[in-house]
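First the structure, which I've put down as structure tokens, then a few questions once you've had a look.
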Amino acid sequence: MAKHIHWYPGHIAKAQRQLKEKLNLVDVIIEVIDARIPYSSKYKKINDLCMNKPRLMLMNKSDVSDDNYNKIWASYYKKETGCDVIVTNLSNKSDIKLIIDKLIALSKDVMQKRIQKGLLPRPVRTMVIGMPNVGKSSTINRLVNKSKAKTGAKAGVTKEQQWVRINDKVELLDTPGIIPTVQDDQFQALKLAMVNSIGENAYDSEYVAQKLVYLLCEKYNNEIRNYYGFEDSENMDLETIAYKKNWIIKGNLPDIKRTAQYVLSAFRSGKIGKFTLETPDDCAII
Ligand SMILES: Nc1nc2c(ncn2[C@@H]2O[C@H](COP(=O)(O)OP(=O)(O)O)[C@@H](O)[C@H]2O)c(=O)[nH]1
Ligand SMILES: [Mg+2]
């Protein structure tokens, strides 16, 4: 099995430049990360990118991540970054309201500074950034639906982008900023693949699924044993799962391909349980 995860950095410098141009237009940045991998889904050079602008961090997908670690990570990042951090499940209306409330709170500081600089008051401008698949578009959609906003083009913004009025205090850029998942660390790349943040053709699903089973066994041994029905004597691997399911292909071999897909989707949907794949300790951060 090919072990290396590949990516194609050719377009990345250009994307980074375009992202910076967009970030220049906003006052407050909404940074979305995946709560199942709070370290690997967070861009390490975010401070350089965000130029000291106030930031609201969303640790998203809390419905499929470990409640205990949601709390640990949120307070860890609050302390480390000084940003407001909220744990979100975008299906929760109350979480959408919380995001809006936090934006309004942050907008007070921003507007105060504008007034001090002698600038005219206006709604605070915000945009959503993050790696692929963390929930950027969902965040935008939920904020916009909530506001039943009318959209309107604004001067100085390219025509593909529009400011959407969330309420009389907040305007949101209707397209997210995508931070490419460039990872020089193969273990981080592997975890991004596990949560579906890397395109499927960049990795070997069977390899990633097997590593996922091992990692979950390390962290959530009981839950995994129960879900797959592993006996003490059995290897906790794809082959065993395939035989248990009776997924056999020609030559009486276990159908590893099918098993890998099953394992990945069971984890990603949260069917097995609410799991977080990394802790501040095992990432030895910053
Ligand atoms: N379980 C769960 N899934 C979510 C949540 N927010 C978004 N998603 C899902 O994650 C996937 C990627 O979301 P999307 O907004 O397209 O991510 P983007 O690539 O960052 O724009 C979609 O299938 C969403 O339905 C959440 O809070 N919980
Ligand atoms: Mg999107």
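Looking at the stretch 94-134, which of its residues are within 12 Å of ligand 1 (Cβ to nearest atom) and in contact with a helix residue (DSSP H, G or I) (Cβ under 9 Å, 6 or more places away or on another chain)?
Result: Asp95, Ile96, Ile99, Val128, Ile129, Gly130, Met131, Pro132, Asn133.
In the stretch 103-130, how many residues are farther than 10 Å from Val170 by Cβ and either at pLDDT below 95 or surrounded by fewer than 18 Cβ atoms within 10 Å (Cβ to Cβ) (or both)?
Final tally of qualifying residues: 16.
Filter the stretch 180-203 for residues that are buried (at least 16 other Cβ atoms within 10 Å of the Cβ), out of contact with any strand residue (DSSP E or B) (no Cβ under 6 Å at 6 or more places or on another chain), part of a loop (DSSP other than H, G, I, E, B) and not polar (S, T, N, Q) and give the result.
Selection gives Pro180, Ile198, Tyr203.
Is it the case, given these coordinates, that Leu49 is closer than 16 Å to Thr126 by Cα and within 16 Å of ligand 2 (Cβ to nearest atom)?
Spelling it out, it is not the case that Leu49 is closer than 16 Å to Thr126 by Cα and within 16 Å of ligand 2 (Cβ to nearest atom).
For Lys211, state whether it is outside any helix (DSSP H, G or I), within 24 Å of the chain's Cα centre (by Cα) and not acidic (Asp, Glu).
Spelling it out, it is not the case that Lys211 is outside any helix (DSSP H, G or I), within 24 Å of the chain's Cα centre (by Cα) and not acidic (Asp, Glu).
Follow-up. Of the numbered conditions (1) within 16 Å of ligand 2 (Cβ to nearest atom); (2) outside any helix (DSSP H, G or I); (3) not polar (S, T, N, Q), Leu56 satisfies every one except a single condition; which is it?
(1)
Still on this structure, please answer the following. Return the total of residues in the stretch 72-93 being more than 16 Å from ligand 1 (Cβ to nearest atom) and either in a loop (DSSP other than H, G, I, E, B) or more than 22 Å from Met194 (Cβ to Cβ) (or both).
So the answer is 8.
Look through Ala209, Ala193, Ala242, Ala260 and report the one residue that is more than 29 Å from Ser137 (Cβ to Cβ), among the small types (Gly, Ala, Ser) and not assigned by TED's automatic domain parsing to the domain that holds Leu49.
Checking each option against the conditions leaves just Ala242.
Considering only the stretch 16-35, I want to know if a residue exists there that is outside any helix (DSSP H, G or I), closer than 30 Å to Phe275 by Cβ and either more than 16 Å from ligand 1 (Cβ to nearest atom) or of a type outside the set (A, V, I, L, M, F, W, C) (or both).
Yes, the stretch 16-35 has at least one match.
Conditions (1) in a helix (DSSP H, G or I); (2) surrounded by fewer than 17 Cβ atoms within 10 Å (Cβ to Cβ), marked per residue:
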| site | (1), (2) |
| --- | --- |
| Tyr207 | yes, no |
| Asn222 | yes, yes |
| Asn226 | yes, yes |
| Ser233 | no, yes |
| Tyr262 | yes, no |
| Leu277 | no, no |
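Against the condition in contact with a Phe, Trp or Tyr (Cβ under 6 Å, 6 or more places away or on another chain) and within 16 Å of ligand 1 (Cβ to nearest atom), how does Pro38 come out, does it pass?
Yes: the conditions hold for Pro38.
How many residues, within the stretch 222-239, are closer than 21 Å to Phe275 by Cα and touching a strand residue (DSSP E or B) at 6+ places or on another chain (Cβ under 9 Å)?
Residues that pass the stated criteria total 1.
So that you can scan it fast, the table gives a plain yes or no per residue for (1) touching a Leu at 6+ places or on another chain (Cβ under 9 Å); (2) of a type in the set (Gly, Ala, Ser); (3) more than 15 Å from Ala266 (Cβ to Cβ):
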{"site": "Leu215", "(1), (2), (3)": "yes, no, no"}
{"site": "Glu231", "(1), (2), (3)": "no, no, yes"}
{"site": "Leu238", "(1), (2), (3)": "no, no, no"}
{"site": "Ile256", "(1), (2), (3)": "yes, no, yes"}
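It is to be established whether one or more residues within the stretch 167-179 are closer than 29 Å to Leu103 by Cβ, of a type in the set (Asp, Glu) and out of contact with any helix residue (DSSP H, G or I) (no Cβ under 9 Å at 6 or more places or on another chain).
So far as the stretch 167-179 goes, yes, one or more of its residues are closer than 29 Å to Leu103 by Cβ, of a type in the set (Asp, Glu) and out of contact with any helix residue (DSSP H, G or I) (no Cβ under 9 Å at 6 or more places or on another chain).
The values are calculated or read from the model by the stated rules, or taken from the named source; none is laboratory data. The model shown is predicted, which means the values in this text are computed figures rather than measured ones. As a convention, Cβ positions derive from the backbone with ideal geometry for all residues, glycine included, and neighbour counts pool all protein chains shown.
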